[in-house]
Structures are given as structure tokens and as C-alpha cells.
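In what follows, a structure is listed as C-alpha cells, so that the remarks can point back to it.
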Amino acid sequence: MCFVLENVEQFLYLRPQLSVLTSKNTTFSLCYCRNLMASFYLASLCIMLLIKFSVTFASGNVVSNKLEKTCIDGVTIALSFGLYLNSCPEAEAIIFSWVESAVSQDPRMAASLLRLHFHDCFVNGCDASVLLDDTSNFSGEKTAGPNLNSLRGFEVIDNIKADLEYACPQTVSCADILAIAARDSVVLSGGLGWQVQMGRKDSLTASKTAANNIPGPNSNVATLVTNFQNLGLSLQDMVTLSGAHTIGKARCATFSSRLNNNNNAGVRNSEMNLDFLQSLQQLCSANNNTTLANLDDMTPSTFDNHYYVNLLSGKGLLVSDQVLATGDDDNTREIVQNYVDDPSLFLEDFKNSMLKMGSLPPPTGTNGEIRVNCRVIN
Ligand code: HEM
């Protein structure tokens, strides 16, 4: 088996998969493919990481584990590729190791970090505005309706930032940390990795008003499509990114209307799986604001296509989930069916839609900075 590595990040996000292979006594090679430009730095880093990797898994059963150096013509380095390669070569490794340890202590953290990036990007672009605490000049986004008592993971980002500030002061932006942590969370949950574009700047302000416009859980398809399209994301991106609900949890309050009313946003209770409905009614009967249900009850912590499988059997948790399959839009229904039929299509599309979402820019003319502390502007 051969993994074609184009860069260091790919090595990093392959690490978990490689560890599974080592435990299964599988032979694999790492093929390093890159044009000459970055070969020196990448080769030295790859070798360094490879040595680290070999030491980590020295007790494993790796039969062959070699680094092949090949150059493929026409492979170019994206502008943002390796932005921190010189200035902070350990950046991605530091972020990965914090995310890995946070997720191992609390598996839900993968979902929470992924959502944090979404809630950042949907409010004036990916600029870490979501991380700012309230000041006398502005109300932060943390207390907006969709975020209050709901967003999690701020402490993990604080830890990462503190470590990065120690390793390479004022170099890696908080917005880039969010994007990389979201990617690592997907990988650690079993999804595909991708090369994160870097170079985002951190905002100098936040917008509670805009954060209140993040789509709500009772939205119908038309509202969801409009919300996403306003940001340049397509109907397909919307259906694909909703697949993030293959991991994580939601509070009863976010889907309670579904348990009582007969028709929400075009979704009827009669279309809901009866056992599922009854189990949720029982779960939420205590009327406790903190009770949580899995967004994907089949495989709650695994990044797979079961979210879509659930939708077809009437087991979507939020109204905004279920409408994608049983709402009034044939286009969303067709995409759901395609993802049910082809699990790898979803994983591949998700990666591409995350790249699109992760590159949503702040409004033109706004200035940015590299914050020292993600919670406050410098
Ligand atoms: C399409 C519109 C969307 C709506 C209406 C929506 C709504 C929600 C709601 C209501 C929750 C539960 C919050 C709580 O109970 O505290 C939730 C959780 C979550 N959302 Fe979404 N969401 C949407 C899109 C997305 C996107 C695009 C992503 C990421 C790419 C995402 C990732 C997540 C994750 C991972 C969780 C679980 C978080 C955790 O367990 O901490 N969502 N979402």
C-alpha cells in the first residue's frame, strides 16, 4: 500500500490511519511527491516526522516503512501552502496534538471544534471573531442565540494558542488555528483530511447581530439555501456541510418543536420514525435544558454517511436536518440519496465544501491582526 504525500500536513492527518495500519500488520510506504521548490524544507520535516513516527510506533508491526522521494511535474504549491513552514514549522503538529488529547479526553470535542469553525466563518468570514469576549466597545458573538450555552472548545483553542505563542510568538492566527483544528477533528473522527489554506487574519471586532443570523434548527430548505447562498455557498455545499451532524450532540430545546407539533418547515411527525420519536420524547421529558441527544444516533462519534442514512429513515434530529430528505426540494433529496448510495462521495465532497467555507473572507476593507490571546484584540 502506498500513500502519496504531497506535503507535511498530509503526513500529519494520515498519522491516525497509519497507526491503524501498523496495528493491523499492514505493509505500507510513504511516497513523498513534490516539485523541487519546497523539497529541502519538506524533506527535512518529513524525515523528522518520520523518525518521530517510527519511534512512536516502534513496537508496532510495520513490515516496510520507507520514504520515497519522487518529483511530479506540474504539482504547484498553493500560495498559502506552508505559510508557517519557515516561521513556525511545528504549528500543525502542536495543533494536532492538542486536538488529539482534547478528543481523547472528551470525544464530543471533535464535533464542538468543527462547529466553532463553522460559526466563525458564517459571521463576517473566517476571522476568529467568534472567539472574542465582550468588551466595552462591542458585544461578542458568544452570547448570540445560536452560540450561548452551546458553543464549546474555547479552552482547547486557548491552550493551542498559548503553546504556539511560546513556540513562535504572534505568527499563527487564531482563525487559522480554528480551521486546522476543525480539519484535525474530522480526521480524528474517521473522516478524510485536507490541506488547510492558511493566512487568515484575526478580526478587530465581532458582531453579535450577524451571529444571530446563523441559520436556526427549525429552518426550511429555502431559508437554509438562502443563508448559504448569501455567503457564496451552494445548495450542494449546504447539504454536504450539514453532514457535519454525523458527529456531536444537540440540546432538547433545539428539536423539541419536532416532538410536539405535527408540521414544522414541511416536516411532519408522521414521517418521523416512531421508535425514534418516542425515545426522544422520553429523553426530553425531564424538561432539562442540558439534556443532549446524538445528532447521528447510529454512529455518534464517527465521521461517516450515516447522518444521511438516518434522514431517509425519518431519524433526522433537527428539523433542518430532516427537511433535506423529506422537505419539498427534490435537489436536496437527490444529494441525500447520492450520499447514502456512495459513502466516499460524501467524504470527498465534505472536504471540498469545507475548503470553500474555510476561505470565506472578512468584508473588504477590514483590517486584521495576529492576536496574542484569541479572546481579546491586541
Ligand atoms: C445547515 C444549517 C445548520 C443548522 C440549522 C445547525 C444547527 C445546529 C444546532 C441547533 C446544533 C445543536 C446546538 C446545541 O444544542 O447546543 C448543532 C450542532 C452541531 N453542528 Fe450544526 N447546524 C447547521 C450547519 C452546520 C455546519 C455547516 C456545521 C459544520 C460544518 C455544523 C456542525 C455542527 C456540529 C459538529 C454540531 C455538534 C456540536 C457539539 O456536539 O458540540 N452544523 N447544529
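The values are calculated or read from the model by the stated rules, or taken from the named source; none is laboratory data. These numbers were taken from a predicted model, which means no experiment stands behind them. A quick note on method: Cβ atoms are made from the backbone with ideal geometry, for glycine too, and the neighbour counts reach across all protein chains shown.
Residues in segment 170-184: is at least one buried (at least 17 other Cβ atoms within 10 Å of the Cβ) and polar (S, T, N, Q)? Steps first, answer last, please.
We begin by selecting, within segment 170-184, every residue buried (at least 17 other Cβ atoms within 10 Å of the Cβ); these are 172-184.
With the extra rule that they be polar (S, T, N, Q), the set shrinks to 173.
Looking through segment 170-184, at least one residue is buried (at least 17 other Cβ atoms within 10 Å of the Cβ) and polar (S, T, N, Q).
What tally of residues in segment 197-212 results from selecting those that are among the small types (Gly, Ala, Ser) and either at pLDDT below 95 or surrounded by fewer than 23 Cβ atoms within 10 Å (Cβ to Cβ) (or both)? Please lay out each step first, then the result.
Let us first name the residues in segment 197-212 that are among the small types (Gly, Ala, Ser), namely 199, 203, 206-207, 210-211.
Restricting the remaining residues to those that are either at pLDDT below 95 or surrounded by fewer than 23 Cβ atoms within 10 Å (Cβ to Cβ) (or both) gives 199, 207, 210.
Qualifying residue count for the region: 3.
Residue 196 fails exactly one of the following numbered conditions: (1) within 13 Å of the ligand (Cβ to nearest atom); (2) touching a residue at least 60 places away in the same chain (Cβ under 8 Å). What is the number of that condition?
(1)
Output the qualifying pairs, or none if there are none: Cβ atoms under 9 angstrom, residues six or more apart or on different chains, first residue in segment 235-250 and closer than 15 Å to residue 305 by Cα, second residue modelled with pLDDT of 95 or more and part of a strand (DSSP E or B).
Within 9 Å, the pairs are 247/294; 248/294.
Quickly run through segment 317-365 and pick out the residues that are among the β-branched types (Val, Ile, Thr) and surrounded by 15 or more Cβ atoms within 10 Å (Cβ to Cβ). Before the answer, list the steps.
Step one: list which residues in segment 317-365 are among the β-branched types (Val, Ile, Thr), which gives 319, 323, 326, 332, 335-336, 340, 364.
If the condition is that a residue be among the β-branched types (Val, Ile, Thr) and surrounded by 15 or more Cβ atoms within 10 Å (Cβ to Cβ), then 319, 323, 326, 332, 335, 336, 340 are the ones that fit.
Just give me the residues in segment 129-149 being touching a strand residue (DSSP E or B) at 6+ places or on another chain (Cβ under 7 Å) and within 16 Å of the ligand (Cβ to nearest atom), in sequence order.
If the condition is that a residue be touching a strand residue (DSSP E or B) at 6+ places or on another chain (Cβ under 7 Å) and within 16 Å of the ligand (Cβ to nearest atom), then no residue fits.
Run residue 310 past the list (1) closer than 26 Å to residue 103 by Cα; (2) at pLDDT 95 or above; (3) in contact with a Pro (Cβ under 7 Å, 6 or more places away or on another chain) and report the number of the one that doesn't hold.
Result: residue 310 passes all but (3).
Results for (1) modelled with pLDDT under 95; (2) over 19 Å from the mean Cα position of the chain (by Cα); (3) assigned to a loop (DSSP other than H, G, I, E, B), shown as yes or no for each residue.
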{"residue": "84", "(1), (2), (3)": "yes, yes, yes"}
{"residue": "88", "(1), (2), (3)": "no, yes, yes"}
{"residue": "99", "(1), (2), (3)": "no, no, no"}
{"residue": "123", "(1), (2), (3)": "no, no, yes"}
{"residue": "134", "(1), (2), (3)": "no, yes, yes"}
{"residue": "166", "(1), (2), (3)": "no, yes, no"}
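Any residue at all in segment 153-167 that's over 30 Å from residue 348 (Cβ atoms), buried (at least 23 other Cβ atoms within 10 Å of the Cβ) and within 13 Å of the ligand (Cβ to nearest atom)? Outline the logic, then answer.
Narrowing segment 153-167 to residues over 30 Å from residue 348 (Cβ atoms): 154-155, 158-159, 161-167.
Checking the rest, the ones that are also buried (at least 23 other Cβ atoms within 10 Å of the Cβ) come to 161, 164.
Okay, now just the ones that are also within 13 Å of the ligand (Cβ to nearest atom), so none.
No, because not a single residue in segment 153-167 is over 30 Å from residue 348 (Cβ atoms), buried (at least 23 other Cβ atoms within 10 Å of the Cβ) and within 13 Å of the ligand (Cβ to nearest atom).
Taking helices (runs of 4 or more DSSP H) that fall entirely within segment 237-354, which contain at least 2 residues that are over 16 Å from residue 221 (Cβ atoms) and within 15 Å of the ligand (Cβ to nearest atom)?
Numbers: elements: 252-260, 274-283, 306-312, 319-326, 330-341.
The qualifying helices (runs of 4 or more DSSP H) are 252-260, 274-283, 306-312.
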